[in-house]
1. Among the numbered criteria (1) within 16 Å of DNA strand D (Cβ to nearest atom); (2) within 14 Å of another protein chain (Cβ to nearest Cβ); (3) at pLDDT 85 or above; (4) surrounded by 13 or more Cβ atoms within 10 Å (Cβ to Cβ), which one does B:Ala66 miss?
2. Looking only at region A:26-54, how many residues end up being away from DNA strand D (no atom under 12 Å from the Cβ), within 9 Å of another protein chain (Cβ to nearest Cβ) and of a type outside the set (A, V, I, L, M)?
3. Working only within region B:2-25, note down all residues that are facing chain A (nearest Cβ under 8 Å), among the hydrophobic types (A, V, I, L, M, F, W, C) and part of a loop (DSSP other than H, G, I, E, B).
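The values are calculated or read from the model by the stated rules, or taken from the named source; none is laboratory data. As the structure is a prediction and not an experimental result, all values here were calculated from the model. Cβ placement follows ideal geometry from the backbone for every residue including glycine, while neighbour counts extend to all protein chains displayed.
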There are 2 protein chains.
Amino acid sequence: MVGTELLDATFAALADPTRRAILARLAAGEATVTELAAPFAMSQPAISKHLKVLERAGLVSRGRDAQRRPCRLEARPLREATAWLADYRDYWAESYQRLDVLLDELQSVDPTGTERRPARPNGTGG
Amino acid sequence: MVGTELLDATFAALADPTRRAILARLAAGEATVTELAAPFAMSQPAISKHLKVLERAGLVSRGRDAQRRPCRLEARPLREATAWLADYRDYWAESYQRLDVLLDELQSVDPTGTERRPARPNGTGG
DNA sequence: ACCACTCATAACCTCCTGGTTTTATAACCA
DNA sequence: TGGTTATAAAACCAGGAGGTTATGAGTGGT
């Protein structure tokens, strides 16, 4: 069992655009805090805080290189999160297709005019 | 471009265990607010708020069935989120394997023990 | 018409988040 | 030893999140 807290932390960490940008940048390789802070219009402590959040979620780990504390990515929690998402996403997509058809059929067979939902606007196309 | 706001809202919505549970329950089919609230040890308005968050993230939409407002899942934003995740996850996983091998090789070929920075795995992806 | 049911809104509280500036710590350099 | 660089920590603040209770509004049943 994954324990919801890891998922909580992971998704929460991913919910911030700055942090996603940091992750994106780290995808290109290790980087120091200063390097990571550079492209953003915010202070270094702010970035440090973001890194702390990412670290707490297990998404990044840090090394040591003299005064620098290079950050690198940790893929494991992403795997959990992706697994969770992909699992449900697929299931939902399936359910929807079925539901779509089902509702369509119901409306054909049930001309009482009862206002049942009008079978999702635009569904599973994609 | 997806616009970060949808991702923000999606991940933020997924960051709460109650909301994930709601989604999980909705995966089994539509449900009313009362039905959704039942298994939780919190008030109905709290659930309504959670639903609002999920709705704002586009993860659920609502119909109308008499006094009830049945909720159903919307798979689209999940697709975005999964895409984002899977994309990076794969890339990271790859980078890591490469980095792993790379470090291994470096240590074999460079027995001087000098603590060099572990040579980023050729960045410019994307 | 009235009541019961389902749900949303309002008002309120507390705690967390994301930012700030300022200061402290740690390692290198001279 | 002192100065510079890199990063963390502290103190503070505004706003939002997640919960509560109380109330209002739409709908159906009788």
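1. If we test B:Ala66 against (1) within 16 Å of DNA strand D (Cβ to nearest atom); (2) within 14 Å of another protein chain (Cβ to nearest Cβ); (3) at pLDDT 85 or above; (4) surrounded by 13 or more Cβ atoms within 10 Å (Cβ to Cβ), just (4) comes out false.
2. 1
3. Correct list: B:Ala15 only.
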